[in-house]
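Participant: To start, I am sharing the structure in question, which I have written as structure tokens.
The values are calculated or read from the model by the stated rules, or taken from the named source; none is laboratory data. Nothing here was measured: the structure is a model prediction, and the numbers come from that model. Cβ placement follows ideal geometry from the backbone for every residue including glycine, while neighbour counts extend to all protein chains displayed. Remember, those area values only see protein heavy atoms, side chains included, never the ligands or the DNA or RNA. Shrake-Rupley method; radii C 1.70, N 1.55, O 1.52, S 1.80 Å.
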Amino acid sequence: MSLALMSLIALLIVIAISCVLPFNVGLMSIAFTFVVGVLLGGIKTATILKEFPVSLFMILVGVTYLFGIAQVNGTLDRLCNTSIRLVRGKASMMPIVFFVLGFFLSAIGPGAIPVTALLAPPAMAVAHKMKINPFLMALFVVNGANAASLSPITPSGAIAVGLIKNLGMPDISWQLFSNTAIANIVIQVIAYFMFGGLALWRRDSKTVANSGDSSIQAEPIRYERQHILSLLGIAVLLFGALVLKLDVGLLGIVIGVILTVLGCADESKVLKSMPWGTILMVCGVTVLVGLMSQTGGMKMFIDLMASISSPSTLTLVATFIPGVISAYSSSTGVVLPAFLPLVPGLVDTVGGDLVSVFSGVCLGAFLVDASPLSTLGALILGAAAEDVDKRKLFNQLLAWGLSMSVVGAVIAWLLF
């Protein structure tokens, strides 16, 4: 068996394991890389370690460190509650409010998982109080956060952009962001009318106190010193990364260290809140994909996908396959580092538009995340009110998540 085939089989095994077992496939990928590359292939360890994505690691650490501070000290929670208070109350607007809120909070840096964890409890409480279809509210929370998942300063957006830049590609961060956002908005408009949005327009909603979570509305929201400094730090990160084009990871670390020294959060709690498991997954799978590039396994994988594609269907295929896998696996930790490096070779082999195929892979990876087998779907399910039929909600979320692999592929094919 050739080294190329062994490296491809190793990646396929890692993807399969990520779908069914709760192991960190990043560490597993590094183990496979050592066995296949060093022990069986005779490649020097130093050559293998060169594939470790140092710059991507620093981006993830910097971004998650800074927003870990904002999450631990309650800044993000206050932003959420302030936004809810600004809405005076129509039931028909509440899913839209949570979509916009999720999009905004996710876009400025934390990403979909912490934002969904933050919004799911108040959103599902609002749905319960106002008798809004919990499935409708769940979709708007998850897809609002996910619509901004490719913002250049979110962890997932940084991963996608970092992986693409590592391939020697130009900066297409804003195209990825806008394409993902537009596709999610189109789908949510359809979902709104499918699952009770029109009926909500007939409701009378008088005050935020009637339509929101009373625990949120009872006390005045106070922004203290640490919250104001944290918001200022986020603003500096946005300006530095987007306008001055500074390295977002290193800038995030500098701002985070300053906030920590100023006493804005307990650093031990911040470090514990950082998604180290996801960081290891992304970097580990990237190392294995690097081995595939060295041995020829990447070309074999490209040829496999190219055999079922044509120039007119490549975007559809490149959205559907990652979508199916992502319904059971990690979008950022497995799907992006496994599939994004394939895109240039696929386009060279089959034909098509690079930005469209990159966008399709990213859309497929995240659009299915309402599945209760994913982190976001599980957070929603856990936040549902006690008298909600959770088995029914589970089945609805699962059916929606799986169907999005098909719907997302068609939308990517039509829009991108």
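Participant: Taking helices (runs of 4 or more DSSP H) that do not extend beyond the stretch 124-228, which have at least 3 residues that are out of contact with any helix residue (DSSP H, G or I) (no Cβ under 7 Å at 6 or more places or on another chain) and at pLDDT 85 or above?
Facilitator: 173-194
Participant: Spot the failing condition for residue 58; the list is (1) open to solvent by 40 Å² or more (accessible area, probe 1.4 Å); (2) more than 18 Å from residue 160 (Cβ to Cβ); (3) of a type in the set (A, V, I, L, M), and only one is missed.
Facilitator: (2)
Participant: Can you pull out every residue in the stretch 20-41 that is open to solvent by less than 60 Å² (accessible area, probe 1.4 Å) and not in a helix (DSSP H, G or I)?
Facilitator: 24, 41
Participant: Related question: Here is a check on your reading of the model: is residue 246 aliphatic (A, V, I, L, M) and out of contact with any Asp or Glu (no Cβ under 7 Å at 6 or more places or on another chain)?
Facilitator: Spelling it out, residue 246 is indeed aliphatic (A, V, I, L, M) and out of contact with any Asp or Glu (no Cβ under 7 Å at 6 or more places or on another chain).
Participant: Which condition number does residue 195 fail, the rest of (1) open to solvent by less than 20 Å² (accessible area, probe 1.4 Å); (2) aromatic (Phe, Trp, Tyr); (3) under 15 Å from residue 404 (Cβ atoms) being met?
Facilitator: Status for residue 195: all satisfied but (1).
Participant: Being in contact with a Cys (Cβ under 6 Å, 6 or more places away or on another chain) and open to solvent by less than 50 Å² (accessible area, probe 1.4 Å) is the requirement here; does residue 148 meet it?
Facilitator: no
Participant: Among (1) open to solvent by less than 10 Å² (accessible area, probe 1.4 Å); (2) modelled with pLDDT of 80 or more; (3) over 21 Å from residue 169 (Cβ atoms); (4) among the polar types (S, T, N, Q), where does residue 371 come up short?
Facilitator: Here residue 371 meets the rest and fails (2).
Participant: A further question on this structure: Give me a count of the residues in the stretch 1-19 that are closer than 24 Å to residue 336 by Cβ, in contact with a Gly (Cβ under 9 Å, 6 or more places away or on another chain) and open to solvent by 50 Å² or more (accessible area, probe 1.4 Å).
Facilitator: Residues meeting the conditions: 2.
Participant: Another question, then. Could you list, ordered by first residue, the pairs with Cβ atoms under 8 Å in which the first is in the stretch 287-315 and within 12 Å of residue 9 (Cα to Cα) and touching a residue at least 40 places away in the same chain (Cβ under 8 Å) and the second is assigned to a helix (DSSP H, G or I) and of a type in the set (Phe, Trp, Tyr), at least 6 apart or interchain?
Facilitator: 288/32; 292/301
Participant: Please identify the pairs in which a residue from the stretch 130-141 that is more than 14 Å from residue 184 (Cβ to Cβ) has its Cβ atom under 9 Å from the Cβ atom of a residue that is in a loop (DSSP other than H, G, I, E, B) and of a type in the set (Ser, Thr, Tyr), counting only partners at least 6 apart or on another chain.
Facilitator: 130/205
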